[in-house]
Each structure stands twice: as C-alpha cells, then as structure tokens.
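Data block below; observations after.
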Amino acid sequence: MKLYDGGQEPEPRRVRIFLAEKGVSVPGDPAEADAPEHRFGDDGSPEALEQTPVLELDDGTVITESLAICRYFEGIRPQPPLFGRGGREGALVEMWNRRVEHNLYEPVSAVLNHLDPVTAMRAEQVPARGEANRPIVLDFLERLDHELKERLFIAGDHYTVADITALVAIDFMELARLVVPDDLVHVQRWYAQVSARPSAGA
C-alpha cells in the first residue's frame, strides 16, 4: 500500500498522528500527492480526486478522507484502540470526535478561509462568515474546558481519535490567528499532555 500524504495540512497530519500511535509505517510520496496532475484511475472516474491524504491499497482500492483512512487501520491494527473500547466508549468517541469537527475544526477553518490574506489570493472570501465563527471557537473551547475538568482526555480516560482531531484543530488555530485563552486551564493541561506525546510530532 501507499499513502499520499499532502504535507502539513490538518487532515494529513491527523492520519500521521493516528499511524504513529498505532506504530504503523506506510510508504508514501508527499511530493507526488502535492502535484496537481496526481490522479487515481485510468478513466478519470470520481475516484480521481485532488485531495490528500489518499491511501492506495495493494489491490488498487483508493481510500480518501482522513477519518476513513484511520478506520481502515483501526480494523487491521486494533491495538491500541483509538476508536473506543466496546460499544459505550466507541459511541462517546464518535460523539466527541464529531463535536470537535463541527464546533472547533470547521469554525477554525472558516476563520482562516474567510479572513486570512493569503487565502484571499486563492478563493473568494466572505469576511462576515469568518468573523461569525470566531465566537463559535471560543464557546466550544469553554465547554470543552468544563468537560476536561472531569476527565483526562476528550472522550474519557483513554487517548483516542477525538484527541487527535482536537489537537490538529487547536494547532491549526495559530494560522487563523486564534488562541486558547489562558484561563481555560483544563484545556491547557490537556493540550500540554497530548502535545508531549511522541506522535504529536508526526
């Protein structure tokens, strides 16, 4: 198999951290993934997507979307379990991962996409949309701080994919010129803890 990475964007990084936690090494070619002519399929089919990360299996199957790639590796390398242990924890991990995606990662992306001067050179911006998402980010971080007062990680007592998603989202905040307030001590504690894991440097 081969992983077309795509560099330091949050989605490829989420996969790299996940693989590092699993202790899995997958051959890849970041340069080829970044090339605009990179395609899959000989017929120009919908699988020929200009996005990363992309996982190509030995049988030619192509998997896109970072979470789908993570689920594939969870299936073939179940330890350590990063999507939860059992039905209850698995449901909580799914719930919190979705909450982080919808209430943190996506609003941070909106702030960057609609307010960053560099992004303005690549796409049309709606500044009001960017400004509208700033308070959404802060509101969710405040809610998360309250939750982390009672537990070690985002979804419970174990490190999971929800922590990976939250880590890449918070690191992404720097590009959007957003910061975690100092008084959110539980988020700050959690962030220091997960950032210190070796996988965070993936």
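Summed over region 148-161, the residues that are closer than 17 Å to A200 by Cα, open to solvent by less than 10 Å² (accessible area, probe 1.4 Å) and more than 9 Å from the chain's Cα centre (by Cα) give a count of 2. Residue check: is R177 open to solvent by 60 Å² or more (accessible area, probe 1.4 Å), in a loop (DSSP other than H, G, I, E, B) and among the basic types (K, R)? Yes, satisfied.
Of all residues in region 1-15, those satisfying the criterion of being of a type in the set (D, E, K, R) and within 15 Å of F172 (Cα to Cα) are E9, E11, R13, R14. Taken over region 5-45, the residue count meeting the criterion of being modelled with pLDDT under 90 and open to solvent by less than 30 Å² (accessible area, probe 1.4 Å) is 8.
Scan region 128-144 and give yes if some residue there is in a loop (DSSP other than H, G, I, E, B), over 21 Å from S195 (Cα atoms) and over 16 Å from the mean Cα position of the chain (by Cα), otherwise no. Scanning region 128-144 turns up no residue that is in a loop (DSSP other than H, G, I, E, B), over 21 Å from S195 (Cα atoms) and over 16 Å from the mean Cα position of the chain (by Cα). Going residue by residue through region 88-96, is there one that turns out to be over 29 Å from P198 (Cβ atoms), in a helix (DSSP H, G or I), open to solvent by 30 Å² or more (accessible area, probe 1.4 Å) and among the hydrophobic types (A, V, I, L, M, F, W, C)? No, that holds for no residue.
The values are calculated or read from the model by the stated rules, or taken from the named source; none is laboratory data. What you see is a predicted model; the values in this text were computed from it and never measured. Glycine also receives a Cβ, built like all others from the backbone with ideal geometry; neighbour counts cover every protein chain displayed. Protein only, heavy atoms only, side chains kept; ligands, DNA and RNA dropped before computing areas. Shrake-Rupley method; radii C 1.70, N 1.55, O 1.52, S 1.80 Å.
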